[in-house]
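The values are calculated or read from the model by the stated rules, or taken from the named source; none is laboratory data. Since this is a predicted model, take the numbers as computed values, not measurements. Note: ideal-geometry Cβ built from the backbone for every residue, glycine included; neighbour counts use all protein chains shown.
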Amino acid sequence: MKNLTIRNLSKTYFDPYAGTNVTAVHDVSLNVEQGEFVCIVGPSGCGKTTILNMIAGFLPHTGGDILVGGRPVNGPGPDRGVVFQSFALFPWKTVLENVAFGPKMRGVGKAEREKIAHEYLALAKLTEAAGRYPAELSGGMQQRVGVVRALANEPDVLLMDEPFASVDAQTRMTLQEELTRIWQEKRPTVIFITHDVAEAVFLANRVVALSKGRVLEEIDVDLPRPRSWDALNDDPQFKELTGRVLQLVRSA
Amino acid sequence: MMQHRLSSALWFCAPFVVLLVLWTVLIPYFNVNPRLFPHLGSVIQAGLEGIKDGTLIQHIGASLMRVAVGTVLALLVAIPLGIAMGVSPVVSSFLTPLFRFFSVLAGIAWIPIATLWFGYGFGAITFVIFNAVFFIVTYNTLLGVSTIPLPVRNAAASLGAGKWAMLTEVLLPGALPNIVTGIRTGLGFAWRGLIAAEMIATNVGLGYMLFVARDFYKTEVIVLGMIVIGVLWLLLDRLLLAPLERATIERWGMVQRS
Ligand SMILES: Nc1ncnc2c1ncn2[C@@H]1O[C@H](COP(=O)(O)OP(=O)(O)OP(=O)(O)O)[C@@H](O)[C@H]1O
Ligand SMILES: [Mg+2]
């Protein structure tokens, strides 16, 4: 079993303008079991991206440990898939080639990796778009490609940094519902970052409230699945949970 | 689409047709001395003769050969160097002004020093072309690599790309639109530099053909040479370089489609 363990993680930046050190993440500890869907929620500047980039291995941490399946993280690797807010697709590759990229890096042959890619594209209802280039897709479609590109590599942990922040509200709701559906089908371990409290509660098994680089509280979300906005919009338990998380985040 | 292509090609040729008509009419009308400017007919005749006795083909071949060799050599060095420099923000910001400076010097300004170093002939001319292409392509490659968004490189790394895959799957294609633009600009300078260098530093090639004809008042050969130089460039640019640039840049959406 590949779980993710974060122990006393901290990050200190040097701010060249002020000439001082800025501690963006203080002593964060978190344990994510395989197959869990954890949302980290907090206001802008509280250190969410910093935490995620350290887990991804893009950014060195200055204190504590990050372990995936017991092994310390050292730089980026295919065991941790990343979905970016800016999509970060390869503009010179077709949708199919984008999704097949991870398997290609693993040395999977052309026919086999295209089969894998087609399978994942179908999962996100993108079969039609397989031969197109990213620039020819809408933002919502591009991010679907971003999600399945990461999934097709079958990472131990899927890291998502506000992936739906730059699409319109309707598309965002569709993408959220789709993500919960895909998660139920494939059960990847997910760490999802957002500043949108309702989004966090809608998606997660567990919400971690973050403020000024510290964990405030962890809240379990045991809303039934499959989840849909139609069902949850007026759900009293959903309202109660979002209210609680919102209060936490705002009071800090 | 096809129709559009055709009509735009016709529109492109239209002013040249007008020019040719004016030429056939005006030169005899004003009875211009052929030592100052030739009749269209004698230019055509000079062209046919040059093809028949092989001299024109020989000059064209020599010029194209030099461009090809100089350009290929330049690309072989410029692209790897540009990528190596581009991956490090410190190195690239340090060297950018230098390469900008040398890009401006492109081509012709290198001729005197080239003849001092290589004597007259193939070496000097190839060196001029090499420089015209090398600095501009290196600069553009460096620029191209540094404009690849960090998340795109991070994405590749987190999907398991090693050093080699990063180079071939991300850095090279990511910089390609800039590289192609660089090649197009560089070749433009190289072509001009070539003609100038051939006037000074050799005994075969289009530039040489032009320059020698002057000594014998053969204006029809001079004008023939000018036409060949222009037409060859237009063919190269329109049939090879521009479509290549369109294919990468527009399809990939890396700049705004117009
Ligand atoms: N490269 C850096 N150098 C110095 N300080 C930084 C750097 N990156 C982030 N910080 C600081 O660290 C803190 C946390 O930033 P981070 O980007 O992790 O926040 P965030 O929670 O992701 O915010 P947002 O919701 O706006 O994306 C901020 O105060 C920010 O100014
Ligand atoms: Mg952020």
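In region A:14-59, how many residues are more than 16 Å from ligand 2 (Cβ to nearest atom), more than 14 Å from chain B (Cβ to nearest Cβ) and more than 18 Å from A:H195 (Cα to Cα)?
19
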(request) Report whether or not B:R100 is touching a Gly at 6+ places or on another chain (Cβ under 8 Å) and either of a type in the set (A, V, I, L, M) or in a helix (DSSP H, G or I) (or both). (result) no
(message) With the requirement that a residue be surrounded by 14 or more Cβ atoms within 10 Å (Cβ to Cβ), of a type in the set (G, A, S) and over 23 Å from A:S44 (Cα atoms), what does region A:201-252 give you?
(response) A:S228
(request) Name the helices (runs of 4 or more DSSP H) wholly inside region A:175-251 in which the number of residues that are within 16 Å of ligand 1 (Cβ to nearest atom) and under 27 Å from A:G139 (Cβ atoms) is 1 or more. (result) A:197-203, A:236-251
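Every residue, every condition in (1) more than 14 Å from A:K48 (Cβ to Cβ); (2) modelled with pLDDT of 95 or more, yes or no:
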position	(1), (2)
A:S166	yes, no
A:T174	yes, no
A:W183	yes, no
A:R187	yes, no
A:V190	yes, yes
A:I193	no, yes
A:A200	no, yes
A:G213	no, no
A:S228	yes, no
(message) Can you tell me how many residues within region B:1-32 are part of a loop (DSSP other than H, G, I, E, B) and either within 24 Å of the chain's Cα centre (by Cα) or surrounded by 11 or more Cβ atoms within 10 Å (Cβ to Cβ) (or both)?
(response) 1
(message) Checking B:G54 against (1) over 30 Å from B:I222 (Cα atoms); (2) loosely packed, with under 14 Cβ neighbours inside 10 Å, only one condition comes out false. Which one?
(response) (1)
(request) Scan region A:144-166 residue by residue and report those that are within 16 Å of ligand 1 (Cβ to nearest atom) and over 24 Å from A:V73 (Cβ atoms). (result) A:F164, A:A165, A:S166
(request) Search region A:1-48 for residues being surrounded by 13 or more Cβ atoms within 10 Å (Cβ to Cβ), β-branched (V, I, T) and more than 17 Å from A:E217 (Cβ to Cβ), and hand back the single one that is farthest from ligand 1 (Cβ to nearest atom). (result) A:T5
(message) For region B:152-164, give me each residue that is assigned to a helix (DSSP H, G or I) and modelled with pLDDT of 95 or more.
(response) B:V152, B:R153, B:N154, B:A155, B:A156, B:A157, B:S158
